[in-house]
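Let me begin by presenting the structure, written as structure tokens, before commenting on it.
The values are calculated or read from the model by the stated rules, or taken from the named source; none is laboratory data. What you see is a predicted model, and the numbers here were worked out from it, not measured in a lab. Heads up, the Cβs are rebuilt from the backbone with ideal geometry, glycines too, and the neighbour counts pull from every protein chain shown.
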Amino acid sequence: MLPATAALALLLPLALVGPAAAVEWGGLKGRFVVDGKPPAPADPQVTADEFCINCQPKQQSVVVGKSGGLANAVVWLRAPRGESLPLPPGDSGKLAEPVELANKNCVFTPHVTLLRAGQTLRITNQDPTGHNTKFDLIRNAAFNQLIPASGKISKQFAEAESKPLPVACNIHPFMRGYVLVRDDPYMAVADAEGRFEIALLPAGTHELQFWHETGYLKNLALPTGETSRRGRAELEVVAGETLDLGDIAVPAELLVD
């Protein structure tokens, strides 16, 4: 048994340190805008399955809004290797909510699905024809399952992936989407007009990744510098503030699949 003086010496530093500092939060937002004349990829040629032919699905690889915004670009935080980030208030409740990926009118909706490791992905088929949903993943086992007309299945992926990876339908090869699986909620996909927002980020300096299915969004001018050739940039998130990157010009020549 330790003498009283020795025990006091061990406890004193703990008393001086006190409770851990509370995490402070900021945010990030911006808008991707195509600079130049965007490419016009051809719509898919659907030659089989009368229902899909009648749906006349449009190409999804490069979608530009009426005001020039680039849809489906993705931004996420790259945590330092081996480190886990604090999670925002109420995160456990949001993690328990399923995410839906629909086969609808012979298109994957949404085109880019954001998912947490361990979160339930509800895959639905809202069409009167069968689809299969095939995930080509790296850290998680490949997955390929038939979903009958008006059917649904649920799936979870245990491991985070380093980037968005393809989703396909072998029955209808023109169908393509992407899924990004991460350990934390610090990710966003641009809407139909190119806008994105991560409402809560831990305050501090972080490395953010900028991506589009045509490739990493490299050398983009930001208010604090530019993205690297791998589409990465260090950004400082200030407690109580939302860092607004404004309109981020994406050169049209980058958007070639």
> For segment 48-96, which residues satisfy the criterion of being in contact (Cβ under 8 Å) with a residue 12 or more places away in the chain, among the charged types (D, E, K, R) and in a loop (DSSP other than H, G, I, E, B)?
Replying inline: ASP49, LYS58, LYS66
> Take the residues of segment 57-104 that are modelled with pLDDT under 95 and polar (S, T, N, Q): which is surrounded by the most Cβ atoms within 10 Å (Cβ to Cβ)?
Replying inline: GLN60
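I'm checking my understanding of the structure. Among residues of segment 134-169 that are among the β-branched types (Val, Ile, Thr) and over 19 Å from the mean Cα position of the chain (by Cα), which one is surrounded by the most Cβ atoms within 10 Å (Cβ to Cβ)?
Within segment 134-169, the match that is surrounded by the most Cβ atoms within 10 Å (Cβ to Cβ) is ILE147.
Would you mind listing the strands (runs of 3 or more DSSP E) fully within segment 169-235 where at least 2 residues are farther than 18 Å from ASP35 by Cβ and of a type in the set (A, V, I, L, M)?
On the way: elements: 176-182, 187-189, 195-202, 204-212.
The strands (runs of 3 or more DSSP E) meeting that bar are 176-182, 187-189, 195-202.
Filter segment 172-207 for residues that are among the β-branched types (Val, Ile, Thr) and crowded, with 19+ Cβ neighbours inside 10 Å; which is nearest to the chain's Cα centre (by Cα)?
Here is the first cut: in segment 172-207, the ones among the β-branched types (Val, Ile, Thr) are 179, 181, 189, 198, 205.
Add one more test, that the residue is crowded, with 19+ Cβ neighbours inside 10 Å, and what stays is 179, 181, 189, 198.
Values: VAL179: 7, VAL181: 7, VAL189: 6, ILE198: 11 Å.
Filtering segment 172-207 for residues that are among the β-branched types (Val, Ile, Thr) and crowded, with 19+ Cβ neighbours inside 10 Å, the one nearest to the chain's Cα centre (by Cα) comes out as VAL189.
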